1. Sum -39500 (n - 2.57) across every DSSP H segment of at least 4 residues in the chain, then divide by the residue count to get the 222 nm mean residue ellipticity, nearest 500.
2. Say a paramagnetic label sat at a point 7 Å from the Cα of Ser248, along Cα to Cβ; which residues of the range 165-189 have their backbone N under 20 Å from it?
3. Run the quick spin-label model on Leu175 and Val43: label points 7 Å from Cα toward the beta carbon, then report their separation in nm to one decimal.
4. Stokes-Einstein D for the chain at 10 °C, 1.306 mPa s, Kirkwood Rh over Cα pairs, in µm²/s?
5. Based on the Cα gyration tensor of the range 77-127, what are the three equivalent ellipsoid semi-axes, each the root of five times an eigenvalue, rounded to whole Å and given largest first?
6. Taking the chain as the reference, fit the longest principal axis to its C-alpha atoms, fit the long axis of helix 288-310 to the helix C-alpha atoms, and give the angle between the two in degrees, 0 to 90, nearest 10.
7. Explain nothing, just compute: Karplus ³J(HN,Hα) = 6.51 cos²θ - 1.76 cosθ + 1.60, θ = phi - 60°, for every residue of the range 144-152 in order, whole Hz, x for Gly and Pro.
8. Taking the Cα centre of the chain as the origin, how large is its charge dipole in debye, to the nearest 20, when only Lys and Arg (+1) and Asp and Glu (-1) carry charge on their Cβ atoms?
Amino acid sequence: MALLHRPHGVAVRPVSRETSTPWPGLAAAASGALAAWCIHRAVPAVPMLTASVVLGIAVAHLPGLRTFVRGTARPGLSLAGRRLMRIGIVLLGLGLGLDQVLRLGWATVTMVAGVVAATFFGTLWLGRRLGLPGDQPLLIATGYSICGASAIGAVSEVSGSDEEDVAASVALVTLCGTLAIAVLPLLQGPLGLSDPAFGRWVGAGVHDVGQVVATAQTAGPDALGEAVLVKLMRVALLAPLVAAVAFSVRDRRRGVRTASGRRPAPVPLFVAGFLAAAALRATGALPDVALEWAHTAQEALLAAALFGLGSAVHLPTLARTGGRAAALGLGAWVVVAGVSYGGVLLTV
């Protein structure tokens, strides 16, 4: 059964595709990323990528900037949401310590794979039953099961999703992941989780890497270390998931050609770049300072890309599916939290 289904008759607000220069939009995306960094520095509990999405949504609805964002800046903002996202995902591979991940043992690897599969297919099924438009069920399922907005951006590249479906999915996943920062630490005691077990639960059940760090650090360094390693396992599953989606939608994209006239590759180059970066990291050839600079560049690129995606959110359109989207967000949250909690209990 194909992973993707696009309902007929869904009205999608057209997004402007002016052929003017992208530089105003790219400058706006860079400014948004810088503003998000400043917010994160002032309030460390607010992840930089979360702030980027929120700022993009806000700017797109400010009366003084709305025309600029939807007109002159739109080409550059759309470019940031696509191209900068790809580069950021490649650099994300440099943060994937495969040697550290494997040291956690095959039981934990199996647990994480089970959590990802249950979350993905459970969310996808629920989203379709709720009648969410376009590719939103697929994208939201991806964001919940792997690594939030970064995974949504990766899958949207191979699924050919509409920009508004991507933006709405990023907004929902970001909101729910941010709520986890406040809610999950309150459940550690009632659920009887030790600090390392709590860290594994957070790593298996929270979407974005920044949100994982913000949530797990409340229980101390042991929890934080376990959370990051388990999270890296989920990130490692990004490439096979993107490949599976690319295979699933091959019929829909069979007639699609790139600007150069060639058919797109079954698995895009940025996924191969992600795997190559992870393999390079595993060799130990890169010094720590290079990895630190790569992490900084990755954060900046993803922040600019997410600002661009956030600026494409049209709140009146989003509000029309708000009840169904909220139900999906809550349902998927229950699925990922419940399955990951059970998995942690089985592997502690």
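FYI, it's all coordinate maths here, none of it is from the lab. Quick caveat, the model's predicted, so the values are computed rather than measured. Note that we place each Cβ from the backbone using ideal geometry, even for glycine, and neighbour counts take in every protein chain shown.
1. -23000 deg cm²/dmol
2. Under cut-off, by backbone N: 165-174.
3. 1.7 nm
4. 79 µm²/s
5. Working: eigenvalues 147, 93, 3 Å².
Sorted largest first and rounded, they come to 27, 22, 4 Å.
6. Its long axis makes an angle of about 50 degrees.
7. Result, rounded to whole Hz: 5, 7, 10, 8, x, 4, 4, 5, 4.
8. 1200 debye
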